[in-house]
Structure formats: structure tokens, C-alpha cells
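Contents: one structure, followed by commentary.
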Amino acid sequence: MWDQTYLLSELPPAAETAEDVKFVCEALELLRGATVLDLCCGQGRHGQLLADKGMKVVGLDSSRFLLTEAQKNASSSQNRLHLVEGDTRHIPLKPVCDAVINLFTSFGFFEDNDNKKVITAIAAALKPSGKLLLEHWNPYAVLQLDQTRNWWWMSESLLALAEVEYDPASGRLSDYRTVIDISTGAIRESVNRIRFYFPTELKGMLASAGLKVRAMYGDFDSSPFLTESRRLITIAEKC
């Protein structure tokens with residue numbers, strides 16, 4: 001899934017990414033020279049902008065393809081953007097980070113015990129009083145996605161289908177993707193399963209790793225988190 005078809009998928013426009021980064025800098029009170037870990041950095045759309053603002057950014061992702069794209073897209077500030085292929089459960093950093101960001105619903109891909117390992121690894125990479133910004137879809141709204149089906153054209157020859165199932169008992173959403181190459185007839189199928197945590201669950205998981213929740217927002221416009229919010233953005237601090 002995390003290949004060239006991902007880049008042709010539902011990625012936000014550049015202006016929206018810029019607004020995300022503006023919020024990140026304000027919410028985390030980032031200053032020029034701060035060390036930021038962009039966890040699941042993908043093709044580097046957030047990390048690059050943070051590096052352009054003078055941050056020292058480490059981008060970690062498991063997709064070698066997306067990391068290669070991030071390197072291609074690196075601007076003149078690439079000496080402040082360091083890209084690492086790795087596993088979010090085993091972050092190869094000592095407590096040197098002023099902040100860790102995890103954006104675009106990139107948390108919850110493992111079973112509960114391994115998702116907790118991700119949070120523990122984040123805490124271990126943060127300095128004392130370092131902050132985490134974790135953003136994903138609002139778990140209260142995910143139920144509305146159950147049994148939805150969407151077709152769209154990725155390009156002139158690639159047609160995509162997304163089919164979604166949500167299991168409320170486990171809090172897990174299954175996102176089935178089918179990509180059809182009309183020019184060749186080739187069909188590719190993949191599935192992502194994501195565990196969505198409600199605020200109380202998330203607070204408990206973060207607390208067990210020594211992270212205290214400082215704020216929860218419903219979107220990048222700093223609106224408060226409500227059950228009808230579009231997103232759940234959690235700001236936590238290492239105690």
C-alpha cells in the first residue's frame with residue numbers, strides 16, 4: 001500500500017499541509033533549532049516544511065519507496081532533514097527529541113500490545129518535558145465509515161476502490177483497497193487494519209508510558225475536541 005499508488009491517493013493539497021505545520025509549531029511551541037521526530041513521515045510533506053522553518057527533523061518510516069521520494073523532494077534545507085527506515089515500535093533514538101509528531105492517521109496499525117510499544121518508544125525518544133502530537137480520525141466518527149464504498153480515478157489509467165468495515169467491539173477498521181490498471185488489466189489488492197482509541201483509552205496508554213495529556217483538539221484550526229469533530233489531535237508531555 002505504501003508505494004506509488006499511495007502518492008496518487010487522497011493526499012491533501014500543499015496549502016492544507018502548510019496549515020497543519022503552522023498548527024504543529026504553535027501547539028508544540030517549537031523554536032528554530034528544535035529536534036523533531038516525524039514518525040511515519042511518508043514522502044516528507046510535513047517534515048520538509050518543518051526543516052524549512054529551521055527545525056532539525058528526523059523522518060522515520062517503514063516504506064523505503066516513500067523515503068526515497070522524500071529524499072528526492074528535499075529542498076536546500078535537506079541538511080536539517082534526516083531520513084531513517086525503521087519500525088515505530090523500535091525507534092533508534094535516545095531521549096534527544098523536543099517533539100514527536102505522528103500525523104495523518106498513522107497510529108494503530110498493530111495489535112494493542114504493539115501499539116503500546118510504539119507509545120513507549122516515543123516516550124523514550126523524548127527529552128524531559130518533550131511533547132507528542134498524535135493526530136488521527138475521530139474515533140466517534142469512524143463508525144459512520146462502516147460498509148462505505150468509494151471509487152475514484154488515481155490517474156488516467158488507474159481506478160481505485162476503497163471498501164471499509166468497522167468492528168465496534170474491537171475498535172478496528174479494515175480498509176480494503178483494489179487498484180485496477182485499465183491499460184493492462186492488472187489488479188492489485190491490499191488491506192490496512194487500524195485500531196482507533198477513544199480519548200480515555202489513549203490517556204491511559206500515554207500515562208502508562210509517562211506522558212501526560214495536555215490538550216485535545218478536533219482539528220488543525222485549534223477547535224476543541226467534540227464527538228462530532230473531524231479529527232482527534234492529542235498533545236501530551238513527557239513527565
Residue of Q71, Q147, Q48 that the Gaussian network model of the chain assigns the largest fluctuation, springs spanning Cα pairs under 10 Å
Q147
Lys, Arg +1 and Asp, Glu -1 on Cβ, resulting dipole of region 140-194 about Cα centre, debye, nearest 20
100
In nanometres, what is the gap between the two model label sites at L145 and T227, each 7 Å from Cα along Cα-to-Cβ?
2.0
Given charges at Cβ of Lys, Arg, Asp, Glu: the chain dipole, positive-most of N115, S223, A125:
A125
Gaussian network model of the chain, Cα springs within a sub-10 Å range: biggest mean-square fluctuation belongs to which of L83, L67, L93?
L93
Per the rule of 0.36 nm per residue minus the C-alpha distance, extending N113 to D181 adds in nm 20.7 nm
Taking N as the number of residues in region 140-194, what value does Rg over Cα atoms divided by 2.2 N^0.38 Å take?
1.29
Can you compute the FRET efficiency between K94 and S155 using 1/(1 + (r/R0)^6), with r the Cβ-Cβ distance and R0 = 45 Å? Round to the nearest 0.05.
0.60
Taking 0.36 nm per intervening residue step and subtracting the Cα-Cα distance, what contour gain separates E29 from A169 on full extension?
46.7 nm
Computed magnitude of the charge dipole of the chain (debye, nearest 20; Cβ of K, R +1, Cβ of D, E -1)
960
So L11 and D87, fully extended at 0.36 nm per residue minus their Cα-Cα distance, gain in nm 25.1 nm
Determine the dipole magnitude for region 1-90: charges of +1 sit on the beta-carbon of Lys and Arg, -1 on that of Asp and Glu, nothing else is charged, the reference point is the Cα centre, and the result goes in debye to the nearest 20.
380
Report, in order of residue number, the helices in the chain meeting two criteria: a C-alpha extent of 15 Å or more along the helix axis, and a mean Kyte-Doolittle hydropathy of at least 0.0; treat each whole DSSP H run as one helix.
14-27
Before anything else, pin down the relative contact order of the chain: Cα pairs under 8 Å, at least 6 apart, normalised by residue count, whole percent.
17
Orientation-averaged projected area, Cα convex hull of the chain (nm²):
12.7
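Bear in mind these aren't lab numbers, they're just calculated from the coordinates by the rules spelled out. None of these values were measured; they are calculated from a predicted model. Ideal geometry is used to build each Cβ from the backbone, glycine not excepted, and the neighbour counts take in all protein chains shown.
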